[in-house]
Each structure stands twice: as structure tokens, then as C-alpha cells.
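Report on one structure; see the data block that follows.
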Amino acid sequence: MTKERKQMIKEFIDTFGIENVDDLNDALKDLFSSTLENMLEAELDNHLGYSKYDHRNSSKSNYRNGRKNKKIISKFGESNIEVPGDKMVLSNPGCPKREKDVQGIEDKVLTMYAKGISTREISNTLEDIYGI
């Protein structure tokens, strides 16, 4: 294990105050939920063709339209995430309506994240593999 990776793990443990296995599970659940929210935001940026604060390039026909709370189930347990929306409703969001179970992609997301891959690159990879 590299020195940088050991330092990153130490910072992760310190940041989340991890003292036992339950604390680790809670921290991984938070990390996964946050990464999933970032991926959905990146997916919406791609769909709309501009980033959240780039108002000069924003579309007049379709635009961001708030966020909706959604409960998901992963191997870390239930989590609540905020799913960004658009006026015309994204046709194939990475977290579709009425779908709650996201088990199966957690390990892939966490592995890519641990390797230092950005959430945008993770999102692109999952889109290529799973179509989400």
C-alpha cells in the first residue's frame, strides 16, 4: 500500500470518527450515497448540456427543476438521497422512479473512488457499462 493511500485512509477514519465496524459501515453508506448524488448531478449536466452554475449556456427549453428525496437500498442499508430533476424529465435517469435497490454497483463505485477516479469519470463508466 502506498504512503498516499495510507494517508487517505487515515484521513477517512479521522473525518468520520471510525472506531468500530458499524462506524465504518455508516461512513461507507454516506460515501456511497454522496457519490451516487454526484453521479446523478453529472448525468443531469450531461443531459442538459451545461453545468449547474453555467447560466450563460443554459437551455431555455429544458432546465433544472428542483430535487426529490428518494430512499435507496444498498448493501450498506437504506439511505436517502436527493435526485436532481429537470423540467422535461430525464428519460432514463441513473436512479429510475420506483426503483430503490441499487445493490451490485456499490463495490464498483467504491473501488473506482478509492483509486482516485472522479465522480464524473465514474458516472461515464457506469453509463457505458449499465446504461445509467
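The values are calculated or read from the model by the stated rules, or taken from the named source; none is laboratory data. As the structure is a computational prediction, the values presented were derived from the model and not from experiment. Keep in mind that these areas ignore ligands, DNA and RNA; they rest on the heavy atoms of the full protein, side chains included. Shrake-Rupley method; radii C 1.70, N 1.55, O 1.52, S 1.80 Å.
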Cα-Cα longer than 23 Å, checked against K75/K108; K29/K70; K29/K115; K87/K108; K6/K108; K10/K68, kept in input order, equals K87/K108; K10/K68
Which residues qualify? For K75, with a placed amide H closer than 5 Å and at least 5 residues away or on another chain, they are G104
Can you sort M8, M1 by 1.4 Å-probe accessible area, starting with the largest?
-> M1, M8
